[in-house]
1. Tell me, in nm to one decimal, what length is gained between Lys32 and Lys46 on full extension, where the rule is 0.36 nm per residue of separation less the Cα-Cα distance?
2. Go through Lys327/Lys424; Lys327/Lys431; Lys121/Lys236 and tell me which ones have a Cα-Cα distance over 18 Å in this structure.
3. Using the beta-carbon distance between Lys327 and Asp255 and R0 = 30 Å, what value does 1/(1 + (r/R0)^6) give for FRET efficiency, to the nearest 0.05?
4. Starting from the Cα-Cα distance between His184 and Ser88, subtract it from 0.36 nm times their residue separation and give me the gain in nm to one decimal.
5. Given R₀ = 25 Å, what would the calculated FRET efficiency be for Glu164 paired with Asp285, taking r from the Cβ atoms and rounding to 0.05?
6. What nm distance separates the two modelled labels at Glu421 and Leu380, each placed 7 Å from Cα along Cα→Cβ?
7. Say each of Arg130 and Ser388 gets a label point 7 Å from the Cα, pointing the same way as Cα to Cβ; how far apart are those two points in nm?
8. Once the Cβ-Cβ distance between Arg397 and Glu7 is put in as r, and R0 is 45 Å, what FRET efficiency do you end up with, to the nearest 0.05?
Amino acid sequence: MFANLQERLDKAIKTLKGEGRITEVNVSSTIKEIRKALIDADVNYKIAKDFTDRVKEKAIGQAVLTSVSPGQLLTKIVMDELTELMGSSSIDINLKGSPGNPAIILIAGLQGSGKTTFSAKLANFLKTKRSKSVLLTAADVYRPAAMEQLRVLGESIGTEVFIEQDNKNPLDIANKAIARAKAHGYEVVIIDTAGRIAIDEEMMNEIKALKSNLNPSESLFVVDSMTGQDAVNTAKAFNDAIDFDGVVLTKLDGDTRGGAALTIRSVVNKPIKFVSMGEKVDTLDVFYPDRMAQRILGMGDIVSLVERAQAQYDEKEAAKLNEKLRKNQFDFQDFLTQLNQIKKMGNLKDLLGMIPGVGKAIKDIDISDDAFKKIEAMILSMTQEERSNPDVIDGRRRQRIAAGSGNSIQEVNQFMKQFEEMRKMIKSMNKMQGAGRMMGGLPFGKR
Ligand SMILES: Nc1nc2c(ncn2[C@@H]2O[C@H](COP(=O)(O)OP(=O)(O)OP(=O)(O)O)[C@@H](O)[C@H]2O)c(=O)[nH]1
Ligand SMILES: [Mg+2]
């Protein structure tokens with residue numbers, strides 16, 4: 001997400017590194033680069049300029065702390081401003097219907113923006129995360145397959161879909177759905193409407209009529225984030241027509257530049273409430289401006305973190321380790337030292353995420369640092385002798401290590417086996433005479 005913007009901002013901020021403090025002179029080229037990065041991410045010029053003016057003003061006024069570099073300071077300021085630009089805090093969806101009635105959620109947006117997909121995702125979200133009973137309603141009477149599309153999606157999440165195949169009146173369909181929801185005690189009714197082109201008068205009038213007659217507790221404007229500034233312009237048109245309550249940004253999993261996410265809020269003064277990131281029904285997230293800003297600047301943090309860790313890296317230690325590897329003497333103490341090195345650099349997932357191409361692949365996988373904690377506890381439960389002579393660890397000792405580290409004997413056995421395999425691998429790599437070079441490529445090798 002926003003890979004290009006991320007990279008550009010990171011680069012821009014880096015140009016400030018090494019300077020003693022932030023001054024008008026040294027910050028101006030960085031500010032210019034940030035502005036260019038924003039404009040290239042399809043942020044409107046005026047917004048980009050106002051943004052960087054604010055950043056600059058704040059940056060120059062800051063006292064420089066010795067423990068924080070100007071680059072880190074600027075990262076923080078940019079992050080705060082990004083958060084502010086996207087709306088500061090998260091605004092929840094309104095699920096209160098008028099007394100005795102279900103909450104009505106009206107979904108509007110351009111053709112193909114992702115309304116139908118989002119309707120199903122929202123139903124799934126409300127069911128699983130908010131324990132609500134939901135009735136989906138197919139009120140797109142134009143596209144022949146539209147109702148069937150919603151029916152299939154509803155079925156996949158076990159949610160009833162209200163359909164009247166031959167009814168050509170969306171308002172009538174919606175009213176019938178609401179009556180059914182009342183009769184059956186549904187708490188929420190989601191109404192999926194027909195896609196429209198902003199300039200289509202007739203369809204714009206239809207959504208206006210739906211809005212004024214149904215009086216929904218929440219009307220949401222769905223927009224494809226890939227469309228950049230156009231997304232912002234259609235948001236304006238829809239806001240003028242129906243004065244919606246919130247924005248849903250879809251297709252953030254695609255190669256989107258970020259302009260829509262960054263600027264929609266400041267243009268229509270309505271919060272982004274959800275972001276949709278895939279075709280599957282469970283890829284919906286509540287929008288948090290601060291988390292999004294962190295994500296946009298995430299790389300910057302990690303890169304500097306690693307640079308710090310690398311600066312701390314002890315050349316002598318590294319040489320010693322290489323020597324031990326070469327002589328097949330890698331032991332538990334070395335293992336522990338390496339674990340601590342990795343820990344210093346940040347969390348494992350962030351580290352893996354830095355490897356090009358890996359970040360995306362592991363974004364949904366839960367890689368916890370707990371695995372490390374277990375291993376660390378086991379090694380710490382070993383005596384010095386055991387740490388440097390893994391071969392002396394017999395069954396009885398394993399039992400003691402298990403008890404001492406709060407792990408099961410199976411877990412200790414498994415770790416021993418893995419460690420043994422690793423040693424074998426090192427051995428065979430040594431045979432290939434390439435150990436030094438190969439280990440150098442791993443995070444714990446010599447740099
Ligand atoms: N990658 C990705 N694809 C999405 C996302 N949301 C929707 N899509 C896809 O975009 C296409 C259009 O989605 P729909 O939900 O049918 O859009 P719509 O606004 O209902 O379209 P109309 O009813 O024709 O106006 C479909 O192929 C969806 O699978 C998303 O967040 N990420
Ligand atoms: Mg649709």
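1. Working: separation 14, 0.36 × 14 = 5.04 nm, distance 1.36 nm.
Stretched out fully, the Lys32 to Lys46 stretch lengthens by 3.7 nm.
2. Working: Lys327/Lys424 12 Å; Lys327/Lys431 11 Å; Lys121/Lys236 25 Å.
Checking Cα-Cα distances, Lys121/Lys236 exceed 18 Å.
3. Working: r = 49 Å, r/R0 = 1.62.
Plugging the Cβ-Cβ distance into 1/(1 + (r/R0)^6) gives 0.05.
4. Numbers: separation 96, 0.36 × 96 = 34.56 nm, distance 3.86 nm.
Length gained between His184 and Ser88: 30.7 nm.
5. Values: r = 33 Å, r/R0 = 1.30.
E(calc), rounded to 0.05, equals 0.15.
6. 2.6 nm
7. My value for the distance between the label points is 6.3 nm.
8. Details: r = 50 Å, r/R0 = 1.11.
The pair Arg397/Glu7 has a calculated efficiency of 0.35.
Bear in mind that the values in this text are calculations on the coordinates, not laboratory data. All values derive from a computational prediction rather than experimental measurement. When we count neighbours, we look across all protein chains shown, and the Cβ atoms used for this are built from the backbone with ideal geometry, even at glycine.
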